[in-house]
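The values are calculated or read from the model by the stated rules, or taken from the named source; none is laboratory data. Small disclaimer: the values here were computed from a predicted structure and weren't measured. Cβ sites come from the backbone with ideal geometry, for glycine too, and all protein chains shown count toward neighbours.
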């Protein structure tokens, strides 16, 4: 069995040892023992950590991600939730694209002041409505 100590796991994954200890504390990953004071992990932990990082990038909480692993640490990815998250990301992308386009327009708007630009006024109204919903 090829074991990696916490320092090696940190170097390979780019995740700080403190985060690895936290992930172990909340049950996302498991060490298989210790060599002195250093935690030891099986090499499949690197795959788990890559999936955890991917899940975080996709906006899943650590609790959501924890539910995506079987007791042995193997991934059990819930396809319906992945589709739902992808749909949410599509909506965010559309909104951010509209915002980017509006900002570019305002930056290049030929009106004398931004307050004379109709698109800028609509952008401010949108921002106000969005802030009031939160």
Top-ranked residue of segment 68-91 - restricted to ones that are within 16 Å of residue 26 (Cα to Cα) and surrounded by 12 or more Cβ atoms within 10 Å (Cβ to Cβ), ranked as modelled with the highest pLDDT:
68
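Is it true that residue 83 is more than 30 Å from residue 2 (Cβ to Cβ) and touching a helix residue (DSSP H, G or I) at 6+ places or on another chain (Cβ under 7 Å)? Reasoning before the result, please.
Working: more than 30 Å from residue 2 (Cβ to Cβ): yes; touching a helix residue (DSSP H, G or I) at 6+ places or on another chain (Cβ under 7 Å): no.
Spelling it out, it is not the case that residue 83 is more than 30 Å from residue 2 (Cβ to Cβ) and touching a helix residue (DSSP H, G or I) at 6+ places or on another chain (Cβ under 7 Å).
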Please go through segment 47-57 and give me each residue that is touching a helix residue (DSSP H, G or I) at 6+ places or on another chain (Cβ under 6 Å) and exposed (fewer than 15 other Cβ atoms within 10 Å of the Cβ), ordered by number.
none
Long-range neighbours under 7 Å by Cβ, at least six apart or interchain, first residue touching a residue at least 12 places away in the same chain (Cβ under 8 Å) within segment 99-113, second surrounded by 14 or more Cβ atoms within 10 Å (Cβ to Cβ) and in a loop (DSSP other than H, G, I, E, B)
106/117
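Scan segment 14-41 for residues that are surrounded by 17 or more Cβ atoms within 10 Å (Cβ to Cβ) and in contact (Cβ under 8 Å) with a residue 40 or more places away in the chain and jot them down.
Across segment 14-41, the qualifying residues are 28, 29.
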Can you tell me which residue is farthest from residue 66 (Cα to Cα) among those in segment 104-134 that are modelled with pLDDT of 80 or more and not in a helix (DSSP H, G or I)?
112
